[in-house]
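The values are calculated or read from the model by the stated rules, or taken from the named source; none is laboratory data. As the structure is a prediction and not an experimental result, all values here were calculated from the model. With ideal geometry, Cβ positions are generated from the backbone for all residues, glycine too; neighbour counts draw on all protein chains shown.
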Amino acid sequence: MRLTTMIDVQNDLAFVKEQAAYHRRQASRFSKDETRSNRHKQIVARFENLQYKLEKIEAGNAPVDSSAVSLPKRGVMRLGNLDDLPADLRKELSISESDQLELDIQQVIRDYGGAANIDEILVSLWRATDKVHERVFISRKLYRMAKAEMIFSVPKRKGMYAIAPVDPNDVDGFDADEDEEN
């Protein structure tokens, strides 16, 4: 599932306005053909309705559809990197050691451009925390994080994880074991 950003809304709004203007011109162009003109007028009305809704979203005045509310899966942290927070605020947050490890793993993967293998994760965690994590423990943690969709396994690349889902057709760009070339 892809999250809609404000840039997406602005791009969609521009498209909707262009389409409404086009169909207004077409309705005028075919003014002598009532059937065609009315069809374009109906399309204009639909685009204007969509434009109104997108403008409300853009302004932050869109009504909240409770069926569209996305609650995090149990145990999933959505706070992101906490390094920039003052120590006083960090003390007030209820972040377990496990939660912090998950946040660290996500940050490591981001630092590697969105995808990293277990070896890269282990080394980066050690560099960041001066703590040696057992490979089996991290492997299991990565598996659980992938099941919770906090990270994603890269298809056809054993032990490689990404921040976002990866299309199986796009895996050629990822580093992999060299044995596939033989």
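Kindly indicate whether G60 is surrounded by 11 or more Cβ atoms within 10 Å (Cβ to Cβ) and modelled with pLDDT under 80. No, not satisfied. Scanning segment 129-157 for residues that are modelled with pLDDT of 90 or more, in a loop (DSSP other than H, G, I, E, B), under 14 Å from D119 (Cβ atoms) and not hydrophobic (A, V, I, L, M, F, W, C) yields H133, E134.
Being at pLDDT 80 or above and either out of contact with any helix residue (DSSP H, G or I) (no Cβ under 9 Å at 6 or more places or on another chain) or over 30 Å from V166 (Cα atoms) (or both) holds for only one residue in S37, S98, S66, and it is S37.
Listed conditions (1) in a loop (DSSP other than H, G, I, E, B); (2) surrounded by 10 or more Cβ atoms within 10 Å (Cβ to Cβ); (3) at pLDDT 90 or above are all met by L85, apart from (3). Yes or no: segment 161-169 includes at least one residue that is modelled with pLDDT of 90 or more and among the aromatic types (F, W, Y). Yes, segment 161-169 contains at least one residue that is modelled with pLDDT of 90 or more and among the aromatic types (F, W, Y). In segment 15-52, what residues are within 26 Å of the chain's Cα centre (by Cα) and surrounded by fewer than 15 Cβ atoms within 10 Å (Cβ to Cβ)? Residues satisfying the conditions are F15, Y52.
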